[in-house]
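The next block holds one structure in the form of structure tokens; read it before the comments.
The values are calculated or read from the model by the stated rules, or taken from the named source; none is laboratory data. Note that the structure is a prediction, hence the values are computed from the model and not measured. So basically every Cβ, Gly included, is an ideal-geometry build from the backbone, and we count neighbours across all protein chains shown. When the accessible area is computed, the model is the full protein with side chains, heavy atoms only, and any ligands, DNA or RNA have been set aside. Shrake-Rupley method; radii C 1.70, N 1.55, O 1.52, S 1.80 Å.
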Amino acid sequence: MTASSIATLIHPTMRMRVPGLLLAVAIGLLALLLGHWLPLIGGPVIGIVLGIVVRNLLSPGERYTPGIAFAGKKVLQWSIIALGFGLSLDQVAKTGLESLSVTLVTMTVAFVAAWLLGRWLGVHDKLKILIGVGTAICGGSAIAAVTPIIRPDDHDTAFAISTIFLFNLVAVLLFPLLGHLMHLSDLGFGLWAGTAINDTSSVVAAGYSFSKTAGDYATIVKLTRATLIIPVCLVLAFAVAAREKRKHAQAGSVGHFSLASIFPWFILWFLVASAIRTAGLIPVAIQPAIHTLAEFLIIVALTAIGLSANLRKMAASGPRPILLGLGVWVAVAVSSLLVQLVIGQL
């Protein structure tokens, strides 16, 4: 059977997606390798940067658009489900409960700061949500999780991820130095890093730069914090559903809207994946492969988002979104330290 005859067996819609998917996968592979070589930056950051560079310097043609869009949405959802297989719920239960008070305060501060500061700076609602969620929970993964729910423009997603990871990199370099200057304990620094740094890889890098004990503690706190993306996504889904219902009601077409069409079903599959891992049904031997697959899928998805980003539109947004990211990040870092000071965990 020839290659052309095999191609005819593929569904026409899928054939349209092949060029864009291959482009995203090829760039994603390069980003994955570079991310392992430059762990302080990480594959997701490199992927989205490479995607933006290719999009704005080489301008891939329209034939790549369907596959890039598919990777930025469907592959993105698959990556979140794959992450669930690496999150054991019982593993983080004890430390999660210990850190929950600090995590809830920093999350609340992040959302309130994003809303108030974003309103003052004139940043529109979807970008405020993306930056707030990314800072409050788990950086690019959280942004990836809420993107299918609120459906922002691709350049907004790229801008939010780039902004969040900019401050991740600053945190990796700055937090250990500040921790030593403030004479934080290993557990105090681990709790600070786990609640105030966004991306998991950056939390791990900063934690272990301080000490092994701090790194272990920070990692578990961060995993617990990451599970809160589930209730946040559900709240956002119901909020978006209510808004869409009002729009359809005003247009006299209530019957065309259903909650099922907007409900983030991939989050339920994420829960199933986490439950499977918690039940011990994932052989230890294949867990590293699943972790690598999850990492690669999210890099491909974020690369595709980069390939969709229009720098002219991002530039038109001006410096205000970056100022918003800075303000929210500082508010979270300071609030985490203050809560620990009050409860005596420093």
Whichever residue in the range 198-212 is modelled with pLDDT of 80 or more and of a type in the set (A, V, I, L, M, F, W, C) and, among such residues, is nearest to V45 (Cα to Cα): V203
Tally, over the range 148-162, of residues that are outside any helix (DSSP H, G or I) and either at positive phi or open to solvent by less than 10 Å² (accessible area, probe 1.4 Å) (or both): 1
Verdict on F210 being aromatic (F, W, Y), open to solvent by 20 Å² or more (accessible area, probe 1.4 Å) and closer than 26 Å to I129 by Cα: no
Close pairs from the range 30-49: first within 17 Å of F167 (Cβ to Cβ) and surrounded by 20 or more Cβ atoms within 10 Å (Cβ to Cβ), partner among the β-branched types (V, I, T) and at pLDDT 80 or above, Cβ under 6 Å, at least 6 apart: P44/I299
Qualifying positions in the range 106-147 - in a loop (DSSP other than H, G, I, E, B) and either open to solvent by 40 Å² or more (accessible area, probe 1.4 Å) or at pLDDT 90 or above (or both): G122, H124
Hey, A251 under 25 Å from V75 (Cβ atoms) and modelled with pLDDT under 80 or not: no
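Yes/no matrix, rows are residues, columns are (1) within 23 Å of F296 (Cβ to Cβ); (2) at pLDDT 70 or above:
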| residue | (1), (2) |
| --- | --- |
| I6 | no, no |
| M14 | yes, yes |
| V18 | yes, yes |
| G28 | yes, yes |
| G35 | yes, yes |
| I41 | yes, no |
| L50 | yes, yes |
| N56 | no, yes |
| R63 | no, yes |
Residue match in the range 183-197 (condition: among the acidic types (D, E) and at pLDDT below 80): no
